[in-house]
């Protein structure tokens, strides 16, 4: 399990670290660690993450983000002070690219605000052997 920073703080010190922590948690299939870096500035990360995923949604999210390796590209600034990162996920012979958006929240901590799931749908489909 990937634990949040000491003192129970959530988020990360910078946007790239938030994306890295989120991807590492997804790779480890650790919903608690994913929730620690998932948020919007006005809503605590845990409840927003749980509301977004629900019980059945958690399994779907894990399926979409299950991967063996990943690459985080160069950040680009977008409206609202957000930063977007191109991300490439690899699992077996599947390679898919998506976009992760990070936003700065309370106490100058960074959180993953959104991840485009449509580009990684193939990870949830049965693959021919």
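A few points about this structure:
- Whichever residue in segment 86-124 is more than 23 Å from residue 29 (Cβ to Cβ) and exposed (fewer than 13 other Cβ atoms within 10 Å of the Cβ) and, among such residues, is modelled with the lowest pLDDT: 107
- Residue ID - surrounded by the most Cβ atoms within 10 Å (Cβ to Cβ), chosen from residues in segment 3-32 that are more than 13 Å from the chain's Cα centre (by Cα), at pLDDT below 90 and not in a helix (DSSP H, G or I): 10
- Search result, residues across segment 33-85 that are modelled with pLDDT under 90, over 14 Å from the mean Cα position of the chain (by Cα) and either surrounded by 13 or more Cβ atoms within 10 Å (Cβ to Cβ) or not in a loop (DSSP other than H, G, I, E, B) (or both): 41, 43, 44, 47, 51, 54, 55, 56, 57, 59
The values are calculated or read from the model by the stated rules, or taken from the named source; none is laboratory data. The structure displayed is predicted, hence computed values, not measured ones. All Cβ positions, even for glycine, are placed from backbone atoms using ideal geometry, and neighbour counts span all protein chains on display.
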